[in-house]
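Heads up, the thing below is written out as structure tokens.
The values are calculated or read from the model by the stated rules, or taken from the named source; none is laboratory data. As the structure is a computational prediction, the values presented were derived from the model and not from experiment. Neighbour counts are summed over all protein chains in view; Cβ atoms, including those assigned to glycine, are modelled from backbone coordinates with ideal geometry. These area figures cover heavy atoms from the full protein model, side chains too; ligands, DNA and RNA do not enter into them. Shrake-Rupley method; radii C 1.70, N 1.55, O 1.52, S 1.80 Å.
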Amino acid sequence: QVQLVESGGGLVQAGGSLRLFCAASASIFIYTMVWYRQAPGKQRELVATITRDGDTNYADSVKDRFTISRDNAKTTVPLQMNSLKPEDTAVYYCNAQHSITLRDYWGQGTQVTVSS
């Protein structure tokens with residue numbers, strides 16, 4: 001079992017940057033790590049994924065602006081967000097999916113607000 005805590009959210013002007021962190025309570029080596037977001041009145045959507053092998057995938061809406069990485073030694077998963085837009089405003093959630101059992105875990109989320 002792994003517990004996840006997100007941090008780094010806040011208020012930023014359009015065009016600015018934020019770096020979110022997902023801190024895990026245990027080793028994340030065997031987990032696929034995913035950042036999701038949910039805007040008010042909208043469904044939760046996948047933002048970025050990084051597999052245990054380091055392969056990444058991004059939603060089209062954030063491609064070339066966001067970068068996901070992982071530090072297995074520090075059990076953290078940063079999400080670097082550049083060139084932020086008002087439509088990036090959402091609660092951002094970290095998810096860990098076990099590569100074999102597919103059981104997954106969620107954090108509580110961190111709010112990102114981008115002003116125009």
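Go through segment 36-53 residue by residue and tally those that are in a loop (DSSP other than H, G, I, E, B) and within 19 Å of T110 (Cα to Cα).
Residues that pass the stated criteria total 6.
Give the number of residues within segment 16-50 that are over 30 Å from S116 (Cβ atoms), open to solvent by 40 Å² or more (accessible area, probe 1.4 Å) and at pLDDT 95 or above.
Number of matching residues: 2.
Filter segment 1-13 down to the residues that are part of a loop (DSSP other than H, G, I, E, B), modelled with pLDDT of 95 or more and loosely packed, with under 14 Cβ neighbours inside 10 Å and list them by number.
Across segment 1-13, the qualifying residue is only Q3.
Give all pairs with beta carbons closer than 7 Å in which a residue from segment 101-116 that is touching a residue at least 40 places away in the same chain (Cβ under 8 Å) meets a residue that is aromatic (F, W, Y); count only pairs at least 6 apart in sequence or on separate chains.
W106/Y93; G107/Y93; G109/Y92; G109/Y93; T110/Y92; V112/Y92
How many residues, within segment 43-59, are out of contact with any Lys or Arg (no Cβ under 6 Å at 6 or more places or on another chain) and in contact (Cβ under 8 Å) with a residue 24 or more places away in the chain?
Here the count works out to 4.
So which strands (runs of 3 or more DSSP E) are wholly in segment 54-116 and hold at least 1 residues that are open to solvent by 30 Å² or more (accessible area, probe 1.4 Å), charged (D, E, K, R) and over 12 Å from W35 (Cβ atoms)?
104-106
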